[in-house]
């Protein structure tokens, strides 16, 4: 029997399947004139080995909405050079979309997601490089500059958070709907928000570009030059599955000292809007 959509018991609501049917592997998803290629993991782990159903293998509608929100509501001007960390990146669609807008990005998720994330970074950036190499001189100014660095790290919200330098923007796409993960997610967010601001000097080393060689440290770098740290914000796309879970999520955010504001999604093209998916801005100070 379908769950009552007004329920407050915490039971997961019955939802329709994906709203978008895009061939991401074939390069049919475009952000800022750039193709973003993502593929799920090649193999599905046995159910006994999975963690929370290995939901990181799925390209969720929320990641598409977030990607298009960044493109149309936030915009390239605000993203170029921004230091971005995506939590629960899954296949990396939202984070790679931020990179397509010029951000310096680190994608984070559980270990089982990392091989697919690394492959998707390689596939996407190879595509960008191929396009760039074929541009004529007259086309160069019309095509966005590429390629910005994208790193991949393991980050388990239930384990101690690795040291991460201050970031400008945190992204999360529809990754907080299991009640047991709410507190770890928000606690991880608090630790990231409390990272001491620094000036990140020009550096083209692997660590500074977000390519982490040590499991203890991740740096969201800015090889384009020195960028003063600014108060960070999170963009969260969220699809309601349980009203009780939603209440708990936003209450926990408030308990940890965060301010939450629902955002206007009207700038997103209608074909990428989903009524049950909302966008939120989360900050440490009221805006």
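Enumerate the residues in segment 248-287 having an amide nitrogen under 15 Å from the point lying 7 Å beyond the Cα of residue 19 toward its Cβ.
263-280, by backbone N distance to the label point.
Which distance in nm do the two modelled labels at residue 283 and residue 187 give, with both placed 7 Å along the Cα-to-Cβ direction?
Between residue 283 and residue 187, the label points sit 2.8 nm apart.
I'd like the distance between the alpha-carbon centres of segment 65-129 and segment 248-287, rounded to an integer number of Å.
If you average the Cα positions of each part, the centres end up 19 Å apart.
Once R0 is set to 25 Å, what does the formula 1/(1 + (r/R0)^6) return for the Cβ-Cβ distance between residue 263 and residue 111, expressed as a FRET efficiency to the nearest 0.05?
The pair residue 263/residue 111 has a calculated efficiency of 0.20.
At what distance in nm do the modelled label points of residue 180 and residue 276 sit from each other, each positioned 7 Å from its Cα along Cα→Cβ?
Placing both labels 7 Å along Cα→Cβ, they lie 2.3 nm apart.
Every number here is computed from the coordinates shown, using simple stated rules; none is lab data. Not measured: the values here are computed from a predicted model. Heads up, the Cβs are rebuilt from the backbone with ideal geometry, glycines too, and the neighbour counts pull from every protein chain shown.
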